[in-house]
Amino acid sequence: MNRDDAWALLTEYTKSDSLLKHALAVEAAVRGYARKFGEDEEGWGITALLHDFDYERWPTLGDHPNKGAEIMRAKGYPEWMIRAILSHATEITGVARDGLLEKTLFACDELAGFITAASLVRPSKSVLDLEASSVKKRMKDKAFARGVKREDLTAGAELLGLPLEEHITNVINFMRERADALGLKGAL
């Protein structure tokens, strides 16, 4: 289990640039939390990188993430990693978010996408000058990134036991570390 193998698996099933960047953004956020919590940064990062690898091929909930779990099992990925990925769609899979990795993956998934969208509508098109207050303001605009459930964003922070603003700030900072790779360096 290494990142190069995980990247190869991701890019075998995912061709969309936006989905690849989403995987990288969630990876950046989850790795950041792994460091913060003193957890296995590599294992957590690989889990985050692969959380949606099957989505482009099987976008229907029920197929995703279950098809991906089958593929990962066949390739010998550890069950704790597969469980975390299944838990990010608990409504479909029935896998509860009990562990810290499971909670962190859920907390970072939709928020990383929302932060990406909030960065791209800035004049700078950059995460480098984005602040949590701007993200919270965008959350109030129901027309902005309408596919993102606001209750998932707040539930993620609650699962981590963090105030929403602190969680948003953390994820912004973790994503800033990878701004170039995420296409979020912008004009700054």
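None of the figures in this text is laboratory data; all of them are computed from the coordinates on show. Quick caveat, the model's predicted, so the values are computed rather than measured. Backbone-built Cβ (ideal geometry, glycine too); neighbour counts: all protein chains shown.
For region 132-150, give me each residue that is farther than 16 Å from ASP109 by Cα and part of a loop (DSSP other than H, G, I, E, B).
ASP141, LYS142, ALA143, PHE144
Kindly indicate whether LEU153 is closer than 23 Å to HIS88 by Cα and either over 15 Å from the mean Cα position of the chain (by Cα) or assigned to a helix (DSSP H, G or I) (or both).
Here the answer is yes, as LEU153 does meet what is asked.
Does LEU128 satisfy the condition of being in contact (Cβ under 8 Å) with a residue 60 or more places away in the chain, surrounded by 13 or more Cβ atoms within 10 Å (Cβ to Cβ) and not in a helix (DSSP H, G or I)?
For LEU128, the condition - in contact (Cβ under 8 Å) with a residue 60 or more places away in the chain, surrounded by 13 or more Cβ atoms within 10 Å (Cβ to Cβ) and not in a helix (DSSP H, G or I) - is met.
Answer yes if at least one residue in region 76-83 is closer than 26 Å to ARG138 by Cβ and hydrophobic (A, V, I, L, M, F, W, C), and no otherwise.
no
Kindly establish whether PHE53 is closer than 20 Å to LEU184 by Cβ and within 15 Å of the chain's Cα centre (by Cα).
no
Let's see how each residue does on (1) without any contact (Cβ under 8 Å) to a residue 60 or more places away in the chain; (2) of a type in the set (D, E, K, R); (3) out of contact with any helix residue (DSSP H, G or I) (no Cβ under 7 Å at 6 or more places or on another chain):
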{"position": "ASN2", "(1), (2), (3)": "yes, no, yes"}
{"position": "LEU9", "(1), (2), (3)": "no, no, no"}
{"position": "ALA25", "(1), (2), (3)": "no, no, no"}
{"position": "ARG35", "(1), (2), (3)": "yes, yes, no"}
{"position": "GLY45", "(1), (2), (3)": "yes, no, no"}
{"position": "ARG57", "(1), (2), (3)": "yes, yes, no"}
{"position": "TYR77", "(1), (2), (3)": "no, no, yes"}
{"position": "ILE85", "(1), (2), (3)": "yes, no, no"}
{"position": "HIS88", "(1), (2), (3)": "yes, no, no"}
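Out of the residues in region 157-178 meeting the condition of being in contact (Cβ under 8 Å) with a residue 24 or more places away in the chain and over 18 Å from LEU130 (Cβ atoms), tell me which one is surrounded by the fewest Cβ atoms within 10 Å (Cβ to Cβ).
LEU159
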